[in-house]
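The values are calculated or read from the model by the stated rules, or taken from the named source; none is laboratory data. From a predicted model like this one, the values you see are computed outputs, not experimental measurements. Ideal geometry is used to build each Cβ from the backbone, glycine not excepted, and the neighbour counts take in all protein chains shown.
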Amino acid sequence: MIKVVLLDIDNTLLDFDAYISTSLKEGFERFGLGYFDEGRMEIFKTENRRIWHELELGELTYGELLKTRFNRIFALMGVDFDGEVFEKYFKDRLYDCAIPVDGAFELLEHLKGRYTLCVASNGPVGQQINRLKISGMLGYFKHLFISEGIGTQKPSAGFFDHCMREINAARATEGADPLEKDEVMMVGDSLSSDIKGACGYGIPCIFYDRSGKGDTKGLCPDYTVKNLTDICDIL
């Protein structure tokens with residue numbers, strides 16, 4: 001029986017794509033970088049996914065990501081501008097951005113009281129906590145597992161080891177039995193971090209298929225949903 005639910009933040013609870021569209025358009029205007037259209041948006045999404053995948057594989061550190069991300073993206077766009085300057089602008093905007101995904105609050109309200117809820121997110125600690133606070137979601141969570149604070153990121157086993165240790169340490173102080181892996185559910189939108197990590201670690205998982213394409217790229221999540229509120233029928 002599931003007792004703990006781990007929830008991803010970006011594009012699961014908070015809409016990262018909506019933030020990107022607004023902040024990039026405004027950033028291009030602010031720095032005089034010309035037009036920002038759907039073609040450039042696709043370049044950003046494709047290269048950003050590639051960069052985060054390199055981070056997940058351990059081929060890139062988070063510090064290197066911050067130094068190189070927009071230089072790489074701007075090179076593909078043909079934009080001549082200092083990527084590190086734009087990265088600072090981008091991070092500052094993200095720090096205060098908290099656009100809930102449709103159904104996020106309905107899901108949290110449904111899960112509250114039924115399960116121990118924990119954040120399981122890749123990213124910087126201060127930024128992610130501030131965004132949850134602004135959105136009004138922070139109070140739903142007992143544990144906040146964020147990669148910068150842990151020192152490793154999803155999909156690594158080390159990330160999930162840390163989650164299990166911290167949860168079981170808290171349970172021990174409450175006189176509760178240690179959790180088994182099959183009592184923890186991971187919920188997230190990323191096949192390469194959330195679902196790959198959960199499957200590799202041996203915990204059940206729900207793939208939030210935002211695109212609705214149904215392609216799990218050879219992975220086998222226990223459940224696939226197209227809307228967050230569909231999870232209410234599972235948990």
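Things to note:
- Which listed residue is in contact (Cβ under 8 Å) with a residue 12 or more places away in the chain, buried (at least 18 other Cβ atoms within 10 Å of the Cβ) and within 19 Å of the chain's Cα centre (by Cα), from L7, L65: L7
- Criterion (farther than 24 Å from H53 by Cβ and either crowded, with 17+ Cβ neighbours inside 10 Å or outside the structural domain of I9 (by TED's automatic domain parsing) (or both)) met by exactly one of M164, M186: M164
- Residue in the range 168-182 that is surrounded by fewer than 16 Cβ atoms within 10 Å (Cβ to Cβ) and in contact with a His (Cβ under 9 Å, 6 or more places away or on another chain) present: yes
- When restricted to residues that are surrounded by fewer than 15 Cβ atoms within 10 Å (Cβ to Cβ) and touching a Leu at 6+ places or on another chain (Cβ under 9 Å), the range 194-215 contains 1.
- Among the candidates K213, K142, the residue that is in contact (Cβ under 8 Å) with a residue 24 or more places away in the chain and either closer than 21 Å to K112 by Cα or more than 17 Å from the chain's Cα centre (by Cα) (or both) is uniquely K142.
Each row is one residue, and each column tells you yes or no for (1) in contact with a helix residue (DSSP H, G or I) (Cβ under 7 Å, 6 or more places away or on another chain); (2) acidic (D, E); (3) part of a loop (DSSP other than H, G, I, E, B); (4) closer than 24 Å to F36 by Cβ.
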position	(1), (2), (3), (4)
E54	no, yes, no, no
E59	no, yes, yes, no
E64	no, yes, no, no
R69	yes, no, no, yes
R72	yes, no, no, yes
A120	yes, no, no, no
G123	yes, no, yes, yes
G126	no, no, no, no
D161	no, yes, no, no
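- Residue within the range 164-179 that is of a type outside the set (D, E) and within 21 Å of L94 (Cα to Cα) present: no
- Filter result (aliphatic (A, V, I, L, M) and within 15 Å of the chain's Cα centre (by Cα)) within the range 145-158: I146, I150
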